[in-house]
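The values are calculated or read from the model by the stated rules, or taken from the named source; none is laboratory data. Just so you know, these numbers come straight off a predicted model, no measurement behind them. Backbone-built Cβ (ideal geometry, glycine too); neighbour counts: all protein chains shown. Accessible surface areas use protein heavy atoms only, side chains included; no ligands, DNA or RNA. Shrake-Rupley method; radii C 1.70, N 1.55, O 1.52, S 1.80 Å.
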Amino acid sequence: MSDATRAVEAIWRIESARIVGALARYTGDFTLAEDAAQEALAEALVSWPRDGQPANPVGWLMTTAKRRAIDTIRRAGVQREKYEAIAHDQDEAYDDELDIERIDDDVLALMFVSCHPVLSKEARVALTLRVVGGLSSEEIARAFLVPVPTIQARITRAKKTIAAAKVPFEVPSPDERRQRLAGVLNVLYLIFTEGSTATSGEDLIRTDLAGEARRLTRVLIGVLPDEPEAYGLLALMELTASRFPARTDAAGDPVLLEDQDRTRWDQGAVRRGLAALEQATPRGLGPYGLQAAIAATHAVADSVETTDWERIIVLYEALGRIAPNPIVDLNRAVAVAMAHGPLRALEIVDRIAEDKRLDHTHLLPTVRGELLRRLGRTVEARKELERAAGMCTNDRERAVLRQKVADLP
């Protein structure tokens with residue numbers, strides 16, 4: 001890859017949301033804006049290595065994208081007023097047009113459109129990574145281990161759905177924004193979760209995808225600096241990511257929390273996470289903030305033994321009240337096992353199993369099998385861990401489960 005190509009990709013990753021957002025405002029057409037921006041990117045990948053990087057690369061991309069949009073509108077025979085509106089000042093330098101407050105509105109509108117509730121979860125994730133994150137279809141497909149045509153189809157359907165629903169390109173009103181912010185945060189959380197806990201394939205952690213989620217969350221905070229739960233989500237991401245260096249060994253196999261070398265935890269990420277958590281705390285913690293507080297309790301402990309498990313139990317109980325979820329209950333059971341032993345935890349796990357909501361995942365038999373092992377109930381533990389291994393879709397995690405079975409007496 002040439003230096004010019006790397007420069008194109010770096011600038012695009014940072015500035016694509018501003019470019020697409022500004023184009024959507026100019027044209028009033030979200031699909032046209034995204035397509036024109038992608039055409040400008042494709043042209044830059046050809047011309048910059050050949051002709052050299054322009055003096056104002058962002059302005060070059062913006063101007064080129066505007067021209068592509070104008071060409072498309074002209075071919076479609078759209079009314080002349082619309083053509084003239086977006087053609088106005090098309091050759092001015094980007095810096096001369098830059099209105100920081102308006103640009104922030106453009107990026108915020110782009111996030112809310114990409115995460116609009118008319119779209120499926122999969123479509124929201126794909127579209128957000130494409131138009132807000134600036135990732136190519138190939139990069140998104142590689143991150144989620146699905147074929148490129150699948151991602152392309154999701155993005156195409158998403159844009160058609162937005163057009164059919166006549167979703168306006170605008171920042172929602174304050175009341176609507178509060179209602180829809182949870183959806184935006186959920187998309188960012190889903191992206192991070194896929195990166196930090198890969199559900200399939202060979203890699204346990206996809207740092208590039210998790211890093212993109214953190215970057216996009218910082219972008220959201222930049223345009224919505226007074227939303228505490230956005231800080232809570234960033235804190236959760238940073239504190240979780242701080243453990244990435246210690247979560248796998250040299251061969252890429254998983255290392256359990258109790259076996260991790262805490263000197264390898266990223267202290268810079270810990271400090272950033274704790275700082276973000278402070279920003280989330282004054283008005284009370286939401287679901288992400290509570291999860292971040294749990295991660296912070298781990299981060300400040302010197303070892304598993306010195307971890308404040310009672311505090312973690314209380315935080316999981318609070319989380320379960322405001323965001324009921326069997327995964328939350330399962331994690332609370334693990335904390336109970338650490339604080340009070342496996343028997344009390346097994347009682348909680350057996351109650352969780354009764355409602356069948358975790359029947360599709362290997363997590364419950366994994367925890368139950370480990371608790372049974374600690375209680376010396378080897379036959380039952382073997383059965384549960386074998387079931388967990390059969391359900392697990394991540395190759396490395398499945399290998400660990402099978403090793404646990406092999407290690408049973």
message: List the residues, sorted by chain then number, that are 5 or more residues from ASN394 or on another chain and whose placed amide H is less than 5 Å from its amide H.
response: none
query: Does anyone have the angle between helix 207-223 and the longest principal axis of the chain? Alpha-carbon axes, 0 to 90°, nearest 10?
result: 60 degrees
task: Could you point to the residue in TYR231, ALA76, LEU375 farthest towards the positive end of the chain's charge dipole, with +1 and -1 charges on the Cβ of Lys/Arg and Asp/Glu respectively?
output: LEU375
field: Nearest 10 degrees, 0 to 90: helix 174-196 Cα axis against the chain principal axis
entry: 60 degrees
- prompt: What residue among ALA141, PHE112, PRO282 has its Cα farthest toward the positive end of the dipole of the chain, where the charges are +1 on Lys, Arg and -1 on Asp, Glu, each on the Cβ?
  reply: ALA141
- line: Magnitude of the Cβ-charge dipole (Lys and Arg +1, Asp and Glu -1) of the chain about the Cα centre, nearest 20 debye, reported as 1220 debye
- prompt: So who's got an amide H within less than 5 Å of the one on THR248, skipping anything under 5 residues away but keeping other chains? H placed 1.01 Å off N, in plane.
  reply: VAL255
- line: When the chain is treated as a Gaussian network with springs between alpha carbons less than 10 Å apart, the largest mean-square fluctuation among VAL132, VAL300, VAL187 is found at VAL300
task: Find the accessible area per residue for the chain; the probe is 1.4 Å, ligands and nucleic acids are left out, and the unit is Å².
output: 48 Å²
Simple spin-label estimate for ASP407 and ALA250 in nanometres, 7 Å along Cα-Cβ: 1.9 nm
- line: Taking a ≥ b ≥ c as the square roots of the Cα gyration tensor eigenvalues, with a/c under 1.5 meaning rounded and otherwise prolate when a/b beats b/c or oblate if not, the stretch 184-289 comes out prolate
- request: Go through the stretch 13-29 residue by residue and turn each phi into a ³J(HN,Hα) via Karplus (6.51, -1.76, 1.60, θ = phi - 60°); whole Hz please, and just put x for glycine and proline.
  value: 4, 7, 9, 4, 4, 5, 5, 5, x, 5, 5, 5, 5, 5, 8, x, 9
statement: Applied in sequence order to the stretch 106-112, the curve 6.51 cos²θ - 1.76 cosθ + 1.60 (Karplus, θ = phi - 60°) yields integer Hz couplings, x standing for Gly and Pro, of 4, 5, 5, 4, 4, 5, 5
- prompt: Given the options HIS360, HIS116, HIS340, which has the most mean-square fluctuation in a GNM of the chain, springs set between C-alpha atoms less than 10 angstrom apart?
  reply: HIS360
- prompt: Which of LYS66/LYS159; LYS66/LYS121; LYS121/LYS383 have a Cα-Cα distance over 26 Å?
  reply: LYS66/LYS121; LYS121/LYS383
query: How many nm is it between the label spots at VAL304 and ARG321, if each spot is 7 Å from the Cα in line with the beta carbon?
result: 3.0 nm
- line: About its Cα centre, the stretch 237-301 carries a charge dipole, from +1 on Lys and Arg Cβ atoms and -1 on Asp and Glu Cβ atoms, whose size in debye to the nearest 20 is 300 debye
- prompt: Pick from ALA292, ALA182, ALA55: which residue has the top mean-square fluctuation in a GNM of the chain where Cα pairs under 10 Å get a spring?
  reply: ALA55
- request: Positive end of the charge dipole of the chain (Lys, Arg +1 and Asp, Glu -1 on Cβ, about the Cα centre): tell me which of THR27, GLY195, VAL328 has its Cα farthest that way.
  value: VAL328
query: Mind listing the phi-derived Karplus ³J(HN,Hα) values for the stretch 2-10, rounded to whole Hz, using 6.51, -1.76 and 1.60 with θ = phi - 60°, and x for any glycine or proline?
result: 6, 4, 5, 5, 4, 5, 4, 5, 5
- prompt: Using helices alone, what [θ] at 222 nm do you get for the chain, with -39,500 (n - 2.57) per DSSP H run of 4 or more residues, divided over all residues and rounded to the nearest 500?
  reply: -23000 deg cm²/dmol
